[in-house]
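We did not get these values from a lab; they are worked out from the coordinates using the rules stated. In this text the structure is predicted, and so the values were computed from the model without any measurement. Quick reminder, even Gly has a Cβ in these numbers, built from the backbone with ideal geometry, and neighbours come from all protein chains shown.
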């Protein structure tokens, strides 16, 4: 980090900064310019953020500029080669695109099995479906809970598709592990739920980590670092739209954020165009754009009867439209030197 | 809700909408204009959001316009008189301002007791202090946990101040209830953690519910509705800044959002200027602005030695500056016909 | 529009709304629900926004919900078939992709001619280059002015490429028309400069209208409506990123906004990935994503020597990288059934 | 500025950076850490932004960190004492609060004179009123133009209040100067209209410079620097709300942005709560909050008959409500040691 002193800072003020650095095992490097004195901290990486905050609070310190990124294990500096993550037999990363599809919520055995068969027939590699649902209103459908999970397992049984489902509460993890769910999803509202991140990271299952809708790329990678420090690098990041002033779409899909994140991390990143846009009318265009932008796969909401869905109908594709989209994705993948 | 049909929608399309309304117990009201046909839904409020989503997905429906607000118990329509909420002896609402102050994290017995004594001497009504801490980086100080809670209890013992502390995980609630914590705080990152909202709502303790940093006022009130439907209306809302493009401050304090929320809800609302701005240099101005905007109180970070704090030092006031601020708040309160 | 009355609104309040509607030539339609009375305005479209504002201000009116979109000429309802716009021989719209490339600023004869030759060789259809430059700081390079325009004309002469250049001030239009510039660009900072929009619309030249970086899709289309009402429908919209909380990229490229706008308007829409991302490292990915999302073309910054550019070097491609990108765009276009 | 090299940068890469610095008259200071090499630029401030951009584009450069703020004349470093700006006899700055009030648009002689008398009676110091109006839709009322200006002059004649009016186009400045308008307003949509800033700065009249609704505090101060470099420091900044995801209010009033700007600049800053909130229901609360936050005055929309206004009725106060608000402002001012 570099400490920028205010104009007018005296010897005494500089000395206090240096003392604080030395007390924390840092060396330093002093540079006196005409308008500002700069102090570069050298060496120790211990308690970096705390030391930075403390120094920022010393008198006549203008600001503290961090130099290094606040994550390590998930960084390309740590591991240059892109990582490949598997969910069951599905492969995400490098030249392979993985497609996860299915309804927002598990609603009934008939619904989830019909959905699973349809997305499998169209070429999807994993089935998604929510048993435990986060809903903005307490008056909305809250999911079937453990029963929904059983139905999801039945759909896996019926189709062979590995299943991905959201975990909202650390107490649900044990059940998920017992039932051998193929991957856990951490939803956008829980990206900052650090207890959950750590326990999911420790449970051993692959993780789909959605970006918080108000999280910067840096914060998203730090959330992944939480999972990674718990011992698990089988992390698939998922861009799903950020909140902006634009109301024409539910969120603003940040494909440049995806491309920027891929410059920083070796983890695979997929895109959820359904939640990002909030309308089935924009899902095909955004699916193709995501692949062209370099995404390692897609997560798409598909419902056998969107106009009778208990949640997220407006953004769900019909099986027929999903199948047509998969054909377009395949053609595009070929041009991008990727395989489905 | 009102359903707006696309231009060119035919009888058949209108009929499908009406069928869906009737199947869900709604009446309807048809209005054919030159450019659009409108269908007003009448009566039933059951499954309102689900029915709206399903109809939005029918062919030739342009959009569905909701008419009623998606919350009830916390609404001024439900209860015209502003609610008063107590934390221990501290009173929030109507003519009373409540002041919560203390460090970000509990760091040691000496620190928390020194802080508690200082804020009490300056006139604060409650002590804040985090035992379980949500930190963006896994490499930052994560709080002392249960031991931190014990130290907080010791500070209450020493000063008589009621204590407010954050709960991040439903499994921590039982301990908090056992220890007779005076109020639970739900942090900005957990405003959308619906399981937590429900369990906190059911536990019987007063709740300080912070606004999610990317939550609209409507979503914030819906989160309060989650707590309220679990049986608890002892809710103090807390505005703490929203995320915007501006980087000069850590977040953007939304005082107009506070004033707008007060037109909608009978719950008291306080303001946290420390997290909103991220710097002690702006806390006094924003504290006064909050009171002038109609806030029912403040939550302010105060640390006996901000430049040695383990977290949030840059935004913490010294006891001396806090005491001076309290004098200014008192003068302002008098003009606003409020009492501290 | 639909007027939603507050609960408790009486006959008198409803009567005042109806009087105001009738005085402005509207009919009305009254619907009394249990919780709200609704009044639908019928007929006249005169002074719609003003009447809506006035009614919103009447006592016991909760809000006024607009039903129709606030633009006409640029709407798909007005003209179902996508429009094709030409700049010189370059074609934008339907199955044709148009590529505009060149440096941010015209710096010298050598620079602009070298750039023009390079982008032509790579397959671009138009040359961009700024003579009059809007710069955030008064201490930055402000463009060569009229001399820059002459150099741009020389580059057109040398290569045959039609030229697109930004107009910042209505007083520059006459010169542009005199010099037979092929298309005028209205920059992101001027999308709300309504005098400029009207005068550019009246001058007869094709227009590239960039989206304001804080403009909604609706406002962008209204800005196009300003140009169109002045008599000119030769408008190419250009998405160039919006301002959000994310700082990893300079702006957030809103490709879903582009796709949403294409559902609303018959005008062609291109994408500027250079300004959207602020870095050459993300331009290729975002160029491809834009085409996959349905863009009708691209506007890309190319500089013969980006590390010596007087402006926007960090986001400029070298001719070599641009040429490689054009090869990728061509392959992608084939899959999208588009021609370059 | 400080140049941060990528890990793995070699001698050759460092040398290229140093060459570029030296070629532009900078010295340098080299610091080799374990993970990054840093190069501090020393001395010259010439072409700072251009040089920074060029260096950012050199190979193996990770990023360039600016150290100094990009404005000078408007900075507190340049002038420690807060500036006082006068519009006619009205004084803005230090212990004096200035109040500007009046309708959005000049609509008729009767309307503007009635408004002027009312705001004067309530204690306002200046009259606002738009003759040239920027309107988002081409179908909205566009202002009376030069005739509106004449009516404004008549209102000044009738009341003695100095007048403030918006200039949207450099060609309107001459007329404004001829007519001896007391101050020019640069609206939020024109904060980035640099030609206008320069010409307004050169005309000699005091300027009210509104913050762009998507401008950072830094960009706002740079816009003021444009005016200042043209020779005029009689600048009153005006915060009027920024665009965020929140839709409960039209914009998000950024009072912390105001307080942060006051730490940076010696210019007075006022607040426009009318445009910020978009509703008269929130104007009083936000007016008081602004004063408590340290604003040097207010700009408030007042219309004798808001429900018949041709523009901005919903956010306009009646004279009666404005008068009551002025009483509250006076009481608050006394507490803040300010005079009206």
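Using every pair of separate Cα atoms, the Kirkwood estimate puts the hydrodynamic radius of the range C:190-340 at 16.0 angstrom.
Taking B:325, B:161, B:237 in turn, the Gaussian network model of chain B (Cα-Cα springs below 10 Å) assigns the largest fluctuation to B:325.
Enter the per residue convex hull volume of chain A, computed from alpha-carbon coordinates, in Å³ rounded to the nearest integer.
156
Mean-square fluctuations from a GNM of chain A, with a 10 angstrom spring cutoff on Cα atoms, peak among A:296, A:312, A:327 at A:327. Remark: the Cα gyration tensor places the range A:167-240 in the prolate category, a/c being 1.5 or greater and a/b exceeding b/c. With viscosity 0.890 mPa s and temperature 25 °C, the Kirkwood radius over alpha carbon pairs of the range B:271-340 converts through Stokes-Einstein to a diffusion coefficient of 202 µm²/s. Distances from residue A:12 to itself in the other copies, using label points 7 Å out along the Cα-Cβ axis, amount to 5.2, 7.0, 8.6 nm in increasing order. Does anyone have the angle between helix C:146-159 and the longest principal axis of chain C? Alpha-carbon axes, 0 to 90°, nearest 10? The angle comes out near 70 degrees.
log10 I(q)/I(0), Debye, Cα-only the protein assembly as shown, no solvent, q = 0.08, 0.09 Å⁻¹? Rounded to two decimals, the profile gives -1.01, -1.36. Across the range D:37-132, what fraction of all alpha-carbon pairs, as a whole percent, falls in each successive 10 Å bin from zero upward? Calculated P(r), rounded to whole percents: 12, 25, 17, 15, 17, 12, 3. Classify the range A:233-289: rounded, prolate or oblate, from the alpha-carbon gyration tensor (a ≥ b ≥ c, eigenvalue square roots; a/c under 1.5 rounded; otherwise prolate if a/b is larger than b/c)? It is prolate, given that a/c is not under 1.5 and a/b is the larger ratio.
Ranked by the mean number of other Cβ atoms within 10 Å per residue, highest first, peptides D:242-249, A:23-30, A:162-169, A:106-113 order as A:162-169, D:242-249, A:106-113, A:23-30. Find the Rg to Rh ratio for the range D:192-274, where Rh is the Kirkwood radius over alpha-carbon pairs and Rg uses the same atoms. Here Rg/Rh amounts to 0.98. Note on D:227-235: average number of Cβ atoms from other chains within 10 Å of each residue's Cβ is 1.
In whole angstrom, the range A:103-243 maps to an equivalent ellipsoid with semi-axes of 24, 16, 15, each derived as √(5λ) from the alpha carbon gyration tensor and ordered largest first. In the range A:4-73, the C-alpha radius of gyration followed by the widest Cα-Cα span (Dmax) gives 11.9, 41 angstrom. I want to verify the translational diffusion coefficient of the range D:90-140 in µm²/s; compute it with Stokes-Einstein, Rh as the Kirkwood radius over Cα pairs, at 25 °C and 0.890 mPa s. It diffuses with D of about 199 µm²/s by this estimate. Other protein chain C-beta atoms within 10 Å of residue C-beta, averaged over A:46-56: 5.
Reported value for the range A:8-167: 211 Å³ per residue, from the convex hull of its C-alpha atoms. For chain D, the share of DSSP beta bridges that are antiparallel, to the nearest 5, is 45%.
Once the convex hull of all Cα atoms in the range A:106-169 is built, its volume per residue stands at 85 Å³.
Inter-copy label distances at residue B:68, using a point 7 Å along Cα-to-Cβ, come to 3.2, 5.7, 6.3 nm with the shortest given first.
Between residue D:12 and residue B:11, the simple spin-label model (points 7 angstrom out along Cα→Cβ) gives 8.0 nm.
If you count, for every residue in B:274-287, the Cβ atoms of partner chains within 10 Å of its Cβ, what is the mean? Each step should come with its number before you reach the end.
Working: counts 0, 0, 1, 3, 2, 6, 1, 3, 10, 2, 3, 11, 7, 2.
Taking all residues of B:274-287 together, the mean is 4.
The Cα atoms of the range A:132-179 define a convex hull whose projected area, averaged across directions, is 3.7 nm².
The Cα center of the range B:173-227 and the Cα center of the range B:136-164 differ in position by 18 Å. Remind me, relative contact order of chain A in percent, using alpha carbon pairs under 8 angstrom and six or more residues apart? In percent, rounded to a whole number, it is 16. Most simply put, the protein assembly as shown has about 45% antiparallel DSSP beta bridges, counting only bridges with both residues inside it. In nanometers and ordered shortest first, the copy-to-copy spacing of the residue D:157 label point, defined 7 Å from Cα toward Cβ, is 5.6, 8.1, 9.2.
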